[in-house]
Amino acid sequence: MGASLYEPINVYKPVVPNIGIVDGPFEYLTVGGARLPLPFTTRMTVVRLSNGDLFLHSPIKFEGRLANELLGLGAIRHLVSPNQFHYAHIGEWAKAFPNAISWASPRVRERARARHVDVDFTRDLETRPPEEWRREIDQTLFPGGYFKEFIFFHKASNTLILADTILNIELDKITEPWRTATKFTGVPSLWSDFLWHAAAAIAPAAEGEDGN
Ligand SMILES: [Fe+2]
């Protein structure tokens, strides 16, 4: 089987009240500016705050029809980069919605600059959640060195929102030879499957560096 997407893409899929996910198109791992023929799926999480503002966690590639669908849910206000690998499309959404706030994670500005990704971050995430969502979403900086990220907790639904803190790699979504290579890493083990289900979390599927 070839690589496959989480169809349908670019549509809002409700998960719990006021939270949904949107699966995006494939993106590709780039190393040293060269694009590898390794497609990754992408996914963002959308939280609707009680004032109608939308919190877009790890925004996927901008698409006008999707933006219009989201506007039916609320105002696109918060564009959140949870870690330095999930930011690549924030600039596109910010151009379409200039009143949105682009939230930076540690080192993401340097990474975007080094990779010539056009994005201006408005504010920095901090250990304490900002006034804008602290009554509804808690957050903390989860340690992990290079991979550390801000993780979020939606209080009303007890939902943990993650990017790369927990990985769930579905091998049938990956083409060879990458599938075999991924198996050898040991990441798609029973243990990671167990963690995935036990956490009952919303976690974007694995995606390329700078994927979303
Ligand atoms: Fe990721």
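Nothing in this text is a laboratory measurement; each read-out follows from the coordinates by a stated rule. Since the model is a prediction, treat every value here as computed from it, not as a measurement. Virtual Cβ from ideal backbone geometry, glycine too; neighbours counted across all protein chains shown.
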If you bin the C-alpha pair distances of segment 12-199 every 5 Å from 0, what whole percents do you get? 1, 7, 15, 20, 21, 17, 11, 6, 2, 0
Just the C-alpha atoms of segment 94-152: what Rg/Rh do they give, with Rh taken as the Kirkwood radius? 0.99
If you build the Cα gyration tensor of segment 8-80 and take the root of 5 times each eigenvalue, what three semi-axes come out, in whole angstrom, biggest first? 26, 12, 11
Reachable aspartates and glutamates, given that their alpha-carbon falls under 16 Å from the alpha-carbon of Lys173 and they are not under 8 places away in the same chain: Glu7, Asp23, Glu27, Asp193, Glu207
Dipole size in debye (nearest 20) for the chain around its Cα centre, Lys and Arg Cβ +1, Asp and Glu Cβ -1? 220 debye
Any idea what the relative contact order of the chain is, in percent, if you count C-alpha pairs under 8 Å spaced at least 6 apart? 22 percent
Sequence ranges 87-100, 67-80, 26-39, 137-150, ranked by mean other-Cβ count within 10 angstrom, highest first: 87-100, 67-80, 137-150, 26-39
Furthest towards positive pole of dipole, Trp178, Ile90, Leu167, structure part the chain, Cβ charges: Ile90
